[in-house]
Amino acid sequence: MALTGLQIYKLLPKTNCKECGVPTCLAFAMKLATKSAELSACPYVTEEAKNELEAASAPPVRLVSIGADGRKIEVGNETVLYRHDKTFYHQPGLVVRVKDTQSADEIKAVADAVCGYCVERVGLSLNVDGVAIENASGDTSAFAKAIEVVGSNANVALVLMSSVPATLDTVMPMVADRRPLLYAADAGNWQAMAEVARKYKSPLAVKVDCGDLSALATLTEDITKAGVTDLMLDPGTRSMVDSLQAMTKIRRLALRKNFRPLGFPMISFPGEGASSPLEEVAAASQHIAKYGGVIVLDHFDPTLIYPLLTLRQNIYTDPQKPIQVKPDVYPIHEPDANSPLLITTNFSLTYFTVAGEVEASGVPAWLLIADSEGLSVLTAWAAGKFDAEKIKKAVQTSGILDKIAHKRLIIPGYVAGMSGEIEEELPGWEIRVGPREAVDLSSYLKSLRS
Amino acid sequence: MPVTVETPTEKWAGKVREITLGATAAEGGTRTSTVTVGGEGTMPFLHFEGETPHRPVVAIEIYDIAPQDWSPILMDYWGDVVNDVVAWAKKAVELGADAIALTLRGAHPEVNDRSPEDSARVVKDVLAAVGVPLIVYGPGAPDKDNEVLVAVAEATAGERLALGLCEQNNYRTIAAACMGSGHIAVARAPIDVNIQKQLNILISDMGLPLDRILMDPTTGALGYGLEYTYSVMERLRLAALQGDAMTQQPMICTAGHEAWRAKESKVGEGVPEAWGDWKERGIAWETVTATSLIEAGADILVMRHPEAVAIVKKTIDQLVAK
């Protein structure tokens, strides 16, 4: 938890020597509290104070990264329990598990699918992050083979799952440069496991049974002392309700109590408590919303991955900054001076939905995007950010008047009630009411042509 | 060195109000089962912290006429029953509906313009056919909503239906109808904590008791504003727990309507291959929309596809398990 200026001041020399460039130690402390100065500017601060200040400024949930170049999973550094309090920063990594008891072809098919999967949504491309390989056979050479099959396959992040430290030590040279997550240290193997993690500088997952957080904190304390600090937590809960409670407790303890032993991101296995792929999706969606760090799925199916990636994008969107596009004129299919003109708002979901439908219609058109401060049509209308005056301004200042030779404007069906007001604001214009839903735009635009 | 971790519990001053939908014969209605929701004294399902005395419930949404704009996936699933509201209601109960949400779409002036009296008769028919509580929505045209719901309220006095929607600009008539006939009002605000609270106050100021007002925070589907609904619901629940009496109404979410309006559920052709199989996608879309809202504090989910309903009910089983 961040210290206040006064708490920091107590740790400083209080000599007001000015060598840091600030007139007094108190002023310097205030600057440190707001992060507008660096502690290293003070030549006289004691080691002890330095350690204390550094510890206090460490984030309550450690940032841990898995993978090297290519697709890297970075999780942690979260500051709130509820996204409306600020935002969630580092979205959980979604990885798909294979087992070394599967055939090489099966493993390769999953790895290829994970690597190649990409879906566009509101202008962003959404990907699956990695593959977890489990040493289910207990056999080291089978494990190595599976890792080879997956590893030959581009830059997905890797999770290596084995409870035997020697097995991991044997296979790690194959992929150590890719910084896989090792899963997992437990009460029985932690010394040797920590040794492997330290040797290869890999992040390490720590696991206990059934949500025993005291045991988990004890383990992370021991492992941290052994020199491994990039940890991920598996509280061992598998049912939805147990996971929700354990993961909430861990996040609360880290944020509210600044409890270091549990100040790490979490790894979870939604498929292990589920009896069907759709139930796994329900559990995974809980882990996305409620504090998951790395989520290991047991099924790869675009039908089930796409909703999860969409949910992740939704939950990790900054509530203070809705995704927006630039207010402007967007030509679609090379429109000419007589092509229809449609107007909507600059909430990016609105823009991409409308633009996508106009594109799909094959009808050349001008899409005018008004500045609604990133709100959707109805919300913007209700908030007075998409009214007749705003629409007039968009028409007159966007440059569209130089591009078209007609005066017909198509407005969204949901704001049909405004057409009279817009006609008043834009004398001589014909205001046409388009469909309410973007999905009906294609047939609407085609009907205009006929 | 063993470390001992103390359970980080929050102490709350308030809890969600309990509301019972439906009235049995002994209570002046004709329902054979009723549904009680609310009463939570914690953020969703944190049983170490507070009580969740009632499980969230699922209402299956049906129309009084064959829907014109539903996804073919839904129409294929339901088949012929969509042409017979009574058969549809019975089928929905068989498939696990805790309540029926009946939308009187046929009364819409642009659809069949069915009269208020005939619409009320449809509601009576459904009440006669099933024993579960009913939620009844107007056709979605403000003036007609009022006429229809007043007629429904009077014809079903004492049944303790939930009637909606009461909105900021149109709540008086429906709230008054609820008051006179012992029904529950569904108050919908546009994803806004303050407007929701204001609307609850306005309705209760008219004299409708607070144990007869449900909040509908307005649902955004997965990919279409879900995160706004999710956060508004968390904020409403937090306010309720902190003791704000005017935000303590149980929440109802129209997850089915919204999820099946999304292009992902509605359209099967000309979409990216990465979207996967259409039918399963629609079901997954509704499932994820609904389960996410349950995690945010939904008490009643209004849903459309029975396969999604089955998964959501299993999810609820898991979450309420102690």
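Take B:L319: with every protein chain present and a 1.4 Å probe, its accessible area is about 0 Å². Long hydrophobic helices in chain A: the complete DSSP H runs spanning 20 Å or more by Cα along their own axis with mean Kyte-Doolittle hydropathy of at least 0.0 are A:240-256. Simple rule: put +1 on each Lys or Arg Cβ and -1 on each Asp or Glu Cβ in the protein assembly as shown, find the dipole, and look at A:M247, A:F143, A:S372; the Cα lying farthest toward the positive end is A:M247. Partner shielding of B:43-52 amounts to 3, given as the average count of beta-carbon atoms from other chains within 10 Å of each residue beta-carbon.
Just to be sure I understand: with springs between alpha-carbon atoms less than 10 Å apart, which residue in A:A282, A:A380, A:A49 has the highest mean-square fluctuation in the Gaussian network model of chain A? Fluctuation is largest for A:A49.
Straight-line reach from A:K31: taking Cα to Cα under 27 Å and skipping same-chain neighbours fewer than 8 places apart, the lysines in range are A:K10, A:K14, A:K18, A:K50, A:K86, A:K257. For A:K35, list the aspartates and glutamates whose Cα falls under 17 Å from its own Cα; do not include residues on the same chain fewer than 8 positions away. Reachable aspartates and glutamates: A:E52, A:E54.
Per-residue mean of foreign Cβ neighbours for A:270-283 is 4 (Cβ atoms of other chains, 10 Å radius). Take each residue in B:231-239, count the other chain C-beta atoms within 10 Å of its C-beta, and the mean is 2.
Note on A:E421 and A:E334: with the Förster distance fixed at 35 Å, the Cβ-Cβ geometry gives a FRET efficiency of about 0.60.
Would you work out the charge dipole size for the protein assembly as shown about its Cα centre, treating the Cβ of every Lys and Arg as +1 and the Cβ of every Asp and Glu as -1, and quote it to the nearest 20 debye?
On the way: 73 positive and 97 negative charges, 365 e Å.
The calculation lands at about 1760 debye.
Surface analysis of the stretch A:5-57 yields an accessible area of 65 Å² per residue, using protein heavy atoms and a 1.4 Å probe. A probe of 1.4 angstrom, applied to the heavy atoms of all protein chains, finds A:E38 with accessible area near 130 square angstrom. B:R188 sits among other residues whose Cβ lies under 10 Å from its own Cβ, and their net charge, with Lys and Arg +1 and Asp and Glu -1, is -2.
With charges only on Cβ, +1 for K and R and -1 for D and E, what is the dipole size of the stretch A:64-315 about its Cα centre, in debye, rounded to 20? Don't skip to the end; give the middle numbers.
Values: 25 positive and 29 negative charges, 206 e Å.
Computed about the Cα centre, the dipole is about 980 debye.
May I ask you to work out the translational diffusion coefficient for the stretch B:52-320 at 25 °C, viscosity 0.890 mPa s, via Stokes-Einstein with Rh from the Kirkwood sum over Cα pairs, reported in whole µm²/s? Here the translational diffusion coefficient equals 132 µm²/s. Of the whole protein surface, A:D209 contributes about 110 Å² of accessible area at a 1.4 Å probe radius. Of the residues B:G41, A:S40, A:C118, the one whose Cα sits farthest toward the positive end of the charge dipole of the protein assembly as shown, with +1 on the Cβ of Lys and Arg and -1 on the Cβ of Asp and Glu, is A:S40. Name the shape class, rounded, prolate or oblate, that the alpha-carbon gyration tensor gives for the protein assembly as shown, where a ≥ b ≥ c are the square roots of its eigenvalues, rounded holds for a/c under 1.5, and otherwise prolate holds if a/b is larger than b/c and oblate otherwise. Prolate is the answer for the protein assembly as shown, as a/c is 1.5 or above and a/b outweighs b/c. Measuring how big the stretch A:329-449 is from its alpha-carbon positions, Rg and Dmax come out at 12.9, 34 Å.
The values are calculated or read from the model by the stated rules, or taken from the named source; none is laboratory data. Only a predicted model underlies this, so the values are computations on that prediction, with no experimental measurement involved. Cβ coordinates were reconstructed from backbone atoms using ideal geometry, including for glycine residues, and neighbour counts include every protein chain displayed. Ligands, DNA and RNA are stripped out before the accessible areas are found, and what is left, the full protein with its side chains, is counted by its heavy atoms. Shrake-Rupley method; radii C 1.70, N 1.55, O 1.52, S 1.80 Å.
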